[in-house]
1. Does residue 467 meet the test of being among the aromatic types (Phe, Trp, Tyr), touching a residue at least 40 places away in the same chain (Cβ under 8 Å), touching a Leu at 6+ places or on another chain (Cβ under 8 Å) and in the same structural domain as residue 578 (by the TED database)?
2. Conditions: (1) farther than 23 Å from residue 455 by Cα; (2) touching a helix residue (DSSP H, G or I) at 6+ places or on another chain (Cβ under 7 Å); (3) surrounded by 23 or more Cβ atoms within 10 Å (Cβ to Cβ). Residue 400 meets all but one. Number of the miss?
3. Can you tell me which residues in the stretch 302-320 are assigned to a loop (DSSP other than H, G, I, E, B) and either surrounded by 15 or more Cβ atoms within 10 Å (Cβ to Cβ) or under 26 Å from the mean Cα position of the chain (by Cα) (or both)?
4. How many residues does the stretch 71-100 hold that are exposed (fewer than 14 other Cβ atoms within 10 Å of the Cβ), in a helix (DSSP H, G or I) and either in contact (Cβ under 8 Å) with a residue 12 or more places away in the chain or aliphatic (A, V, I, L, M) (or both)?
5. Suppose we filter the stretch 335-357 for residues that are part of a loop (DSSP other than H, G, I, E, B), open to solvent by 20 Å² or more (accessible area, probe 1.4 Å), more than 17 Å from residue 411 (Cα to Cα) and touching a residue at least 24 places away in the same chain (Cβ under 8 Å); how many remain?
6. Can you list the strands (runs of 3 or more DSSP E) found entirely within the stretch 226-298 that contain at least 2 residues being in contact (Cβ under 8 Å) with a residue 60 or more places away in the chain and within 30 Å of residue 631 (Cα to Cα)?
7. Have a look at 474, 466, 555 and point out the one that is modelled with pLDDT of 95 or more, in a loop (DSSP other than H, G, I, E, B) and surrounded by fewer than 22 Cβ atoms within 10 Å (Cβ to Cβ).
Amino acid sequence: MALAASCSGTVGLCPLLLLLFLPALAAGPAGMLQPRDTPSRERKELGGLWSFRADLSPGRDAGFAQRWYRQPLRQTGPVIDMPVPASFNDITQDPSLENYIGWVWYEKEVLLPPRWLQGDPAPRVVLRFGSAHYYSIVWVNGVQVVEHEGGHLPFEADISSVVQGSPGVLCRITVALNNTLSPHTLPPGSIQYMADKSRYPRNYFVQNTKFDFFNYAGIHRPVVLYTTPAAYIDDITVTTTSSDTVAMVQYQVSVVGSTANSLSLSLRDQEGKVVAAGDGPVGELKVLNPNLWWPYLMHENPGYLYSLEVKMQAQVGRVLLEDVYTLPVGIRTVHVTSTQFLINGRPFYFHGVNKHEDADIRGKGLDWPLIVKDFNLLRWLGANSFRTSHYPYAEEIMDLCDAYGIVVIDESPGVGIKLPESFGNKSLQHHLAVMEELVRRDKNRPSVVMWSVANEPASELPPAAHYFKTVIAHTKALDPSRPVTFVTDANYALDHGAPYVDVICVNSYLSWYHDPGHLEVIPLQLTAQFENWYKTYQKPIIQSEYGADSVPGLHSDPPMMFSEEYQQAMLREYHAVFDKKRKEYVIGELIWNFADFMTNQGTTRVLGNKKGIFTRQRQPKAAAFVLRDRYWKIANESSCLPPVITSHSLFL
């Protein structure tokens with residue numbers, strides 16, 4: 001649905017809608033450790049109901065012109081309650097809010113514990129957002145503290161100087177949030193103005209995107225206040241190497257606020273026993289007879305995590321401060337050959353899914369019951385992996401991947417990069433910054449075995465060569481320990497980005513978008529797809545997407561498109577080819593999609609994309625049982641466990 005705006009033009013971007021972009025953003029902090037309660041740190045979660053107001057002025061600029069951040073939001077005009085975390089789109093009965101484009105405003109008033117505001121030196125108080133889509137400006141008590149571009153990664157601000165010195169006073173947090181996408185955002189989009197006044201209201205516009213999921217907006221992940229000492233542990237980087245009898249845990253710790261008097265590290269196993277210790281900001285820990293981190297169904301004890309406790313003492317004035325942070329650590333290695341993907345030296349076959357952060361009512365908002373249900377379904381399915389299509393997922397989801405042994409291809413929001421201008425330097429610099437944020441957040445996660453920098457870009461365009469060569473090289477420089485890929489749907493002979501990836505990830509929808517209804521073409525075309533890619537690049541291949549829409553309860557025999565039977569039949573045709581090629585160089589298959597999800601309205605979408613093997617409400621379609629039988633069979637073939645694993649075993 002389009003909305004009115006005060007900007008003129010035919011096709012372009014309204015400066016007011018385009019986030020009031022400032023010329024440059026302040027550099028982010030060096031570290032972005034996930035907030036945890038420790039002996040020296042406290043957290044206060046700010047989830048619940050926030051005050052909310054959409055800026056319905058013609059230019060969407062009334063909030064800035066009238067400085068809504070200078071006073072309680074309720075004093076600026078009508079406000080409603082809005083849950084956080086959640087997307088705002090589906091919460092109300094207002095269709096204009098469901099499809100709203102522009103600035104919305106959130107506000108929360110909180111009372112901080114007095115101990116956070118006093119002391120010499122007083123603790124450092126930090127305000128952190130898990131994510132907010134897409135562009136955020138944040139004020140505390142009317143003072144701007146941070147702004148951030150990007151809708152899927154955390155950002156934070158040290159608000160100590162704003163809140164300290166006023167104990168007992170409410171802390172008012174105000175957020176201006178804009179969901180407008182431009183050719184240079186990630187994901188990209190464009191605003192199109194409809195100039196024909198005989199068909200459209202004055203200044204009518206639509207937000208165009210080149211991706212197939214709904215552009216939900218809001219504060220999607222938890223907002224927390226947390227404290228650290230004035231001198232604190234800012235960042236920790238861990239990499240691991242191992243053999244059967246010994247592992248080395250290399251670490252690097254950075255400290256801010258003072259030179260550390262002492263820095264000690266202790267690695268504990270799951271029973272709390274110290275298995276290795278060290279000191280200093282850089283070093284390595286030697287672990288004898290390590291418990292390696294193994295994927296689900298690859299070991300009887302998957303997802304084994306040690307705890308790395310880092311303690312810092314620093315002299316600040318006359319006070320000796322101590323900071324403690326505990327980081328989960330999984331010991332595992334990743335290596336790619338021309339035909340295999342190796343985890344801890346053993347061949348790993350991805351039998352998994354693509355997902356979305358998507359559900360009824362809350363949209364992309366973090367929801368614990370849904371998260372736990374999804375992991376239970378993944379394990380019921382026998383899935384050992386997923387790709388974070390098409391953006392980084394919440395840290396809470398990634399925590400469970402680490403703990404359960406679910407392998408992750410961690411993808412950036414680089415989806416829908418189709419326009420030539422989206423390959424220019426402005427887009428490239430932002431993409432590099434996003435990869436820095438993503439690697440900074442997830443670099444220590446054992447579940448993350450590969451970075452994906454994009455999904456289905458127009459990589460057949462000549463500028464894609466320099467673009468992806470640069471993004472992939474930058475990502476490898478940030479993290480030399482993991483392979484890097486992007487997901488392509490381009491022709492193997494025309495793809496300018498493929499030479500730079502470590503693993504070929506290819507999407508194809510044979511007998512759906514191509515030769516619709518003709519299942520008989522799949523064996524020939526899919527075999528040719530694999531052989532052409534491998535002959536050209538001599539790199540292992542993952543079928544990163546394949547699938548068909550099915551409307552739950554719609555049946556047809558012989559199978560016809562959109563029936564549950566057609567979805568089953570397509571899967572079986574693909575699987576027959578997979579079984580031949582996984583003996584050679586195909587190293588994985590990821591179904592599209594785990595569950596039905598919402599999209600923009602269109603003539604090919606009936607309340608969203610129906611390619612899920614589960615409904616949006618997480619009920620299985622017939623295809624789920626086809627995939628379950630297959631995945632458990634593959635797990636039994638490749639597992640080192642006794643062959644007692646069956647699809648009926650209770651693993652949950």
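The values are calculated or read from the model by the stated rules, or taken from the named source; none is laboratory data. Computed from a prediction, not measured in an experiment: that's the story for all the values here. Neighbour counts are summed over all protein chains in view; Cβ atoms, including those assigned to glycine, are modelled from backbone coordinates with ideal geometry. Remember, those area values only see protein heavy atoms, side chains included, never the ligands or the DNA or RNA. Shrake-Rupley method; radii C 1.70, N 1.55, O 1.52, S 1.80 Å.
1. Yes; evaluated as a whole, the condition is true for this residue.
2. It fails just one condition, (3).
3. Those that are assigned to a loop (DSSP other than H, G, I, E, B) and either surrounded by 15 or more Cβ atoms within 10 Å (Cβ to Cβ) or under 26 Å from the mean Cα position of the chain (by Cα) (or both): 302, 303, 304, 305.
4. 3
5. So the answer is 6.
6. 232-242
7. Exactly one residue qualifies, and that residue is 555.
Per-residue answers, yes or no, for (1) crowded, with 21+ Cβ neighbours inside 10 Å; (2) free of Cβ contacts under 8 Å to residues at least 12 places away in the same chain; (3) not polar (S, T, N, Q):
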{"position": "124", "(1), (2), (3)": "yes, no, yes"}
{"position": "127", "(1), (2), (3)": "yes, no, yes"}
{"position": "136", "(1), (2), (3)": "yes, no, no"}
{"position": "147", "(1), (2), (3)": "no, no, yes"}
{"position": "159", "(1), (2), (3)": "yes, no, yes"}
